[in-house]
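Input: a single structure, listed below in structure tokens.
The values are calculated or read from the model by the stated rules, or taken from the named source; none is laboratory data. Being a predicted model, the structure only gives us computed values, none of them experimental. Here Cβ is always computed from backbone atoms with ideal geometry, including for glycine, and neighbour counts include all displayed protein chains.
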Amino acid sequence: MARTRNNLLAAAIKETGWSQEQTAAHFRTVAVECGATGLAHVSRAHISQWVLGSRPEGDAARILSETLSRRLGRVVTPAQIGLAPIQPTPSRVPGWEDVDTVAALVDLRDDTMDMTRRQVLAYSAAGTALPPDHWWEETLDRAQTRPAVSRQSVTPAHVEAVRAAMVHHSRQDQLLGGRAGSSALTSYLRTDVADYLARRFPSEKLRRDMFGAAAELVYLSAWMAFDSSDHGTAQARFNLAVSMAAEAGDGPLAGHILRAAAHQAVDLHHPKRALALAEGSLAQRRYAQASPRERALLGVVHARALALCRRDAEARAALRQAAEELGNARPTDEPARVYFFGEASLAHETACTLRDLGDLRAAEKEFEHSVRTRALPFARTHVVTLGYLGAVQARQGQVEAACATWSRALDSMDGIASGRVQDTVVQMRRALRPVLARGGRVAATLDQRADAMLRSVG
């Protein structure tokens, strides 16, 4: 959606004599007084973007009007400050309307600090239907013609800064889990990155590069929310990242994001949703233009979705194709976002697929291979793999082996802040219950350690 500077709002703020920082502070006070505590996070960056033409969500326009009314001593309506509600048009695609990505970035919430909101923003089993082919083209067309709302220009250095942030936060996520650094990443997105996207772009290539880099960073924030078990936030951010990838005209990146959303749906056991997203990640340019390593990643998640839908032969064929693609991968000309996907990752996802198909012996072999080949920087996934391996061993009656594996997992958990890691411990304790009932000492000791670990992070 094209944005133009909101001169009505700018004039009203100027009349109050407040700075944008002061306006935000008074807005927060009024929001709390009016019971709109969900808007108590509004900052100067929000006010700035609203002046530049982004539209506030929910009750924000009403609260802003009330804030200005109190200061000016007269009624100020949303329409008088350029924020009258926009009526939807039939031509829009449900769920994928003309997303104002800059406004969406500014409105990102740090949900690690807001447990109340986390209960409200739940994962939707139905989700949003994938957009039709024409949506991708129309989104790119709108992005190419959108006027700048800032007089400043984006430079290649800004793009490199966003890419460097992606590398830093991605490695931190792999080493320490999704909750580590998530607040800092959210803050960076809604301030610096939102500001860059609102600027002038000297060339179409620079615009695409910036939107692509920003989309990857939003995708990473979604993945970190997923790893933190904050599934509603993750789903919303995956959708936002897809919109930004469409604005960048980057098919493989869009496929990468849809693949991550499919992974989330698989883990939450929504077969139809998982398969739709996985198939969407493979469609059109998303798979054809991707590098071999990325095609392997897309393919193995597709295999997991097929397994969840009990399509055995197709799932196994997808696994074989993914292994072949990874065998063709070369380190050159590959996007940084797939650096993590190698032999250990393929073995892990293959094992998950075989486990879901009921082939526990083959799954155990692949999990063991993943554990042997996993490097230290990927500590979080290493722990998850050990948890899954122990569960497969327990299901086959190998109680002693499972306890030994789970003990290794607990040994490796120090410092990792991950909801998925915690979930593996919860599942481990459930699997131990029958053994505890028989008085197993090793299992009892392990259960006590697991309980202490959960208490320490709860």
Residue ID - surrounded by the most Cβ atoms within 10 Å (Cβ to Cβ), chosen from residues in region 212-237 that are of a type in the set (A, V, I, L, M, F, W, C) and farther than 18 Å from A122 by Cα: A214
Positions within region 311-342 being within 27 Å of the chain's Cα centre (by Cα) and under 12 Å from T353 (Cα atoms), in sequence order: A315, A318, L319
Elements of type helices (runs of 4 or more DSSP H) in region 147-253, at least 2 residues being over 23 Å from F340 (Cα atoms) and in contact with a Phe, Trp or Tyr (Cβ under 7 Å, 6 or more places away or on another chain): 231-248
Test: residue in region 329-337 that is small (G, A, S), part of a helix (DSSP H, G or I) and in contact with a Leu (Cβ under 9 Å, 6 or more places away or on another chain): no
Selected residue [under 20 Å from Y196 (Cα atoms), within 25 Å of the chain's Cα centre (by Cα) and surrounded by 18 or more Cβ atoms within 10 Å (Cβ to Cβ)] from V51, V42: V42
Residue that is within 24 Å of A283 (Cβ to Cβ) and at pLDDT below 95, where the choices are A234, A260, A184: A234
Any chance S54 is of a type in the set (S, T, N, Q) and either at positive phi or modelled with pLDDT under 85 (or both): yes
Any pair with Cβ under 8 angstrom, 6 or more apart, that starts in region 6-28 at a residue that is farther than 24 Å from G38 by Cα and ends at one that is in a helix (DSSP H, G or I) and of a type in the set (S, T, Y): T16/T23
Exclusive hit being farther than 23 Å from L185 by Cα, surrounded by fewer than 16 Cβ atoms within 10 Å (Cβ to Cβ) and at pLDDT below 85, set A36, A2, A11: A2
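Yes/no per residue for (1) at pLDDT 95 or above; (2) surrounded by fewer than 16 Cβ atoms within 10 Å (Cβ to Cβ); (3) over 30 Å from A214 (Cα atoms):
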residue: A303; (1), (2), (3): yes, no, no
residue: R316; (1), (2), (3): yes, no, yes
residue: A329; (1), (2), (3): no, no, no
residue: E349; (1), (2), (3): yes, no, no
residue: A362; (1), (2), (3): yes, no, yes
residue: P377; (1), (2), (3): no, yes, no
Residue match in region 332-341 (condition: surrounded by fewer than 16 Cβ atoms within 10 Å (Cβ to Cβ) and closer than 24 Å to G177 by Cα): yes
Tally of residues being under 25 Å from E137 (Cα atoms), small (G, A, S) and free of Cβ contacts under 8 Å to residues at least 60 places away in the same chain across region 262-298: 8
Flag for A290 being out of contact with any strand residue (DSSP E or B) (no Cβ under 9 Å at 6 or more places or on another chain), closer than 27 Å to S124 by Cα, among the small types (G, A, S) and crowded, with 20+ Cβ neighbours inside 10 Å: no
Close pairs (7 angstrom Cβ cut-off, 6 or more residues apart or separate chains): closer than 14 Å to L277 by Cα in region 115-139, modelled with pLDDT under 60 anywhere: T128/G95; A129/G95; P131/V93; P132/V93
Residue among A394, A336 that is assigned by TED's automatic domain parsing to the domain that holds T405 and at pLDDT below 95: A394
Number of the exception - D359 against (1) out of contact with any helix residue (DSSP H, G or I) (no Cβ under 6 Å at 6 or more places or on another chain); (2) touching a residue at least 24 places away in the same chain (Cβ under 8 Å); (3) not assigned by TED's automatic domain parsing to the domain that holds R433: (2)
All positions within region 319-360 that are within 21 Å of L308 (Cα to Cα) and among the basic types (K, R): R320, R355
Answer residue from region 245-257, given it is under 17 Å from the mean Cα position of the chain (by Cα) and buried (at least 24 other Cβ atoms within 10 Å of the Cβ) and is nearest to Y287 (Cα to Cα) among those: G255
